[in-house]
1. Please report the relative contact order for chain B, taking Cα pairs under 8 Å with a sequence separation of at least 6, and give it as a percent rounded to a whole number.
2. What do you get for the angle between helix A:169-230 and the principal long axis of chain A? Use alpha-carbon atoms, 0 to 90 degrees, nearest ten.
3. Treat the count of other C-beta atoms within 10 Å as a stand-in for reagent exposure and order A:136, A:57 from fewest to most.
4. So, in nm, how far is label residue A:115 from label residue B:134 when the simple model puts each one 7 Å beyond its Cα toward the Cβ?
5. Report Rg/Rh for chain B, rounded to two decimals, where Rg is the Cα radius of gyration and Rh the Kirkwood radius.
6. Determine the calculated [θ] at 222 nm for chain A from helices alone, applying -39500 (n - 2.57) to every DSSP H run no shorter than 4 residues and normalising by the residue count; nearest 500 deg cm²/dmol.
7. Which angle between 0 and 90 degrees, to the nearest 10, do you get for helix B:70-105 versus the longest principal axis of chain B when only C-alpha atoms count?
8. Given a cut-off of under 8 Å on Cα pairs at least six residues apart, what relative contact order in percent is computed for chain A?
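Every read-out reported here was derived from the displayed coordinates using simple, explicitly stated rules and does not represent laboratory data. Computed from a predicted model, the values in this text were never measured in an experiment. With ideal geometry, Cβ positions are generated from the backbone for all residues, glycine too; neighbour counts draw on all protein chains shown.
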């Protein structure tokens, strides 16, 4: 089963933020198989086992970022993986046992037929002496055992999943991860707001400096203008009359 | 099952790419450490431990995928998967044989023959799986895998820097 892609992963951002995004997707993926898996669909149970494995390993590597809910979810994902793994093992073994039994019986049937030679009909005593006859029962018992075990494990799986839903194992992890992302977004917003405020303060300071410079220039211009009108030809500076 | 080694100095606020380098480095070391005696069918836990180590490494490569260059990441992941598949083939037979023995031990003696014949067949498959696994766990192959993964961690560190 191919893993769902995780969007918005960014190598330049923090481990916690990226891990939170991965866990959101992996958790959702695992839970999405529950309805069909609980309905007894082998394919969904297999996919759910793979998804549980992904949840388990991402939590093993990054769970420390999200505290106790991640630790609990990691252990429960491992338990889920184990139960579904054992169901899978039964499902893989059952056809193997049947195929092995079929093969032994086919070999025996051929041998019994050969022994009958040109007889007009088959003597049942030949079948009673078939080479593998004592092997059939053990394999039949094994088939019964595997089928019964698969059912027992499925009941355990149902009860286990219900218990996790009731105790909120996955929901608590989901909330912890969402809280982490919310905090990260808030922190980023705060940093951005502070940066905006800093830029605005700097702009205001620059404007104030410009205004001060302008007024200084204006004052100088006025002073210069005053000085140059004194130098105009025909202009006689007032003499101070000293009496 | 061997517990995962702790990763030193990992922090939630640390850079994702830096964590990628640290984790892949430690998980690669674990994988190589568990290769010893893996072909010994008398101790099936060795294959199990190495298989778990490949799972952890594969998980790390998948979790941190964006921190690595696409081509070398794909190549390393395929190599680790090939090794994991080889170990998986062996492990499946190991587990099946062990569970069939456990079942047979509880059966009456006349009922054991059929399951014994199935175990015999699985033993032959276990041997075939071991032959297929041999080149994958050879020192030269593991060294090449390790070097490829070291290159990846260097790339991740340069992204983090």
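1. About 34 percent, as a whole number.
2. Once rounded, one gets 20 degrees.
3. Working: A:136 17, A:57 25.
Starting with the residue having the fewest Cβ neighbours, the order is A:136, A:57.
4. 4.1
5. Here the Rg-to-Rh quotient is 1.11.
6. Numbers: 7 runs with 195 residues, N = 243.
Rounded to the nearest 500, the figure is -29000 deg cm²/dmol.
7. So the helix axis and the longest Cα principal axis differ by about 20 degrees.
8. Values: 161 pairs, mean separation 47.4, N = 243.
Answer for chain A is 20 percent.
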